[in-house]
1. For the stretch 1-10, indicate whether the set of residues that are surrounded by 17 or more Cβ atoms within 10 Å (Cβ to Cβ), within 17 Å of the chain's Cα centre (by Cα) and of a type outside the set (S, T, N, Q) is non-empty.
2. Take the stretch 281-302 and flag every residue that is buried (at least 19 other Cβ atoms within 10 Å of the Cβ) and outside any strand (DSSP E or B).
3. Taking the stated definitions as given, is Pro149 in contact with a helix residue (DSSP H, G or I) (Cβ under 6 Å, 6 or more places away or on another chain), at pLDDT below 95 and exposed (fewer than 15 other Cβ atoms within 10 Å of the Cβ)?
4. For the stretch 182-194, state whether one or more residues are surrounded by fewer than 16 Cβ atoms within 10 Å (Cβ to Cβ) and in contact with a strand residue (DSSP E or B) (Cβ under 9 Å, 6 or more places away or on another chain).
5. (1) modelled with pLDDT of 95 or more; (2) assigned to a loop (DSSP other than H, G, I, E, B); (3) within 24 Å of Arg226 (Cβ to Cβ); (4) hydrophobic (A, V, I, L, M, F, W, C): which one isn't true of Leu108, the others all being true?
6. Quick check, is Pro41 part of a loop (DSSP other than H, G, I, E, B), out of contact with any Leu (no Cβ under 9 Å at 6 or more places or on another chain) and surrounded by fewer than 16 Cβ atoms within 10 Å (Cβ to Cβ)?
7. State whether the residues of the stretch 131-150 include one that is without any contact (Cβ under 8 Å) to a residue 40 or more places away in the chain, farther than 30 Å from Asn266 by Cβ and not in a helix (DSSP H, G or I).
8. Taking the condition free of Cβ contacts under 8 Å to residues at least 40 places away in the same chain, outside the structural domain of Ser38 (by TED's automatic domain parsing) and in contact with a strand residue (DSSP E or B) (Cβ under 6 Å, 6 or more places away or on another chain), does Asp234 pass?
Amino acid sequence: MTIRPAHPDDAPALVALRRTVFPYLVRGEAATRRTLISPPPGSSMASFVAVSPAGEVVGFAAAFRNTGTTSRYAGQISLLHVHPAVRGRGYGSALLAASISHLRSLGLRHLRGYVLPSSLPFATARGFTASREVRYSGLDLAAALPPAPAPPPGYTLAPVSSITDRALFAVEAAAVADEPSDVAPDALTFENWRYDVWEDPGLDKDASFVVLSPDGDVASLSLLQRDGDRCWSDMTATLAAHRGRGLARLAKTAALTHAAATGVTNAYTSNDAANAPMLAINTHLGYQPTASTWSTLTTLPT
């Protein structure tokens, strides 16, 4: 086998591999290529691929500094996965070793990763401890969505394409602060958010919606990434002062309705298992459980 740095030209193979292992994740070639060419600011990201003797890309992992948190668990191993046909041959172990070596070079010893339930034995055997469950769900947009609720008096819907990046960032930065997580997103900067969200090639700003409060400020949002006929609800949130009015359900229904009308057939999303309000909204909209992963934590020996 060969473990080497991922190249931008690997993007088509990586998208195909990801769709095989994680069919519910939505990230297209343009977004994948961009990350490989220009990783997130300050992340020092290194991406690795496993190549079979036949020259096929059969595995992937990314290792980087999570700049959005002050938690000691700032070392992140993301999307370590291997094609099902070649598992058990050492590819996963080799990718993990390359990732850990890179994070050690950054001075990071406290690491977090995500694994499928079937991969928990692999992770725990290598010193990781399961922490929190993340639930994935899917929605067939060929089926009728529930009727959209009427906006409360004074509130209005608007596409994200009609507002500024700063206005959107202010809401997301405030809203993510109380999301359940084992690594609090308490150091989100505008620069990194703009890279991750606003400039993401997959963000559909016409299918993403906000709800404006009576004073014209953004009160709620539902962001949607798209790759062909599939979409991903990247973030749905409401500012604390405006909760209890059904705004998140309003924004997300508008986003999914627009997506369905423009050719999207399948929608996906994920939520922490303890995020009862969003899980309830997804159930109302008709989402069905698709898969789950577990965040895992470890501290490397000195």
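1. No, the stretch 1-10 contains no residue that is surrounded by 17 or more Cβ atoms within 10 Å (Cβ to Cβ), within 17 Å of the chain's Cα centre (by Cα) and of a type outside the set (S, T, N, Q).
2. Selection gives Ile281, Asn282, Tyr287.
3. The answer is yes for Pro149.
4. The answer is yes, given that some residue of the stretch 182-194 is surrounded by fewer than 16 Cβ atoms within 10 Å (Cβ to Cβ) and in contact with a strand residue (DSSP E or B) (Cβ under 9 Å, 6 or more places away or on another chain).
5. Only one criterion in (1) modelled with pLDDT of 95 or more; (2) assigned to a loop (DSSP other than H, G, I, E, B); (3) within 24 Å of Arg226 (Cβ to Cβ); (4) hydrophobic (A, V, I, L, M, F, W, C) is unmet by Leu108, namely (3).
6. Values: part of a loop (DSSP other than H, G, I, E, B): yes; out of contact with any Leu (no Cβ under 9 Å at 6 or more places or on another chain): yes; surrounded by fewer than 16 Cβ atoms within 10 Å (Cβ to Cβ): yes.
Yes.
7. no
8. Values: free of Cβ contacts under 8 Å to residues at least 40 places away in the same chain: yes; outside the structural domain of Ser38 (by TED's automatic domain parsing): yes; in contact with a strand residue (DSSP E or B) (Cβ under 6 Å, 6 or more places away or on another chain): yes.
When the stated conditions are applied, Asp234 passes them.
The values are calculated or read from the model by the stated rules, or taken from the named source; none is laboratory data. If you're wondering where the values come from, they're calculated on a predicted model, not measured in any experiment. Reconstructed Cβ throughout: ideal geometry from the backbone, glycine too, with neighbour counts over all protein chains shown.
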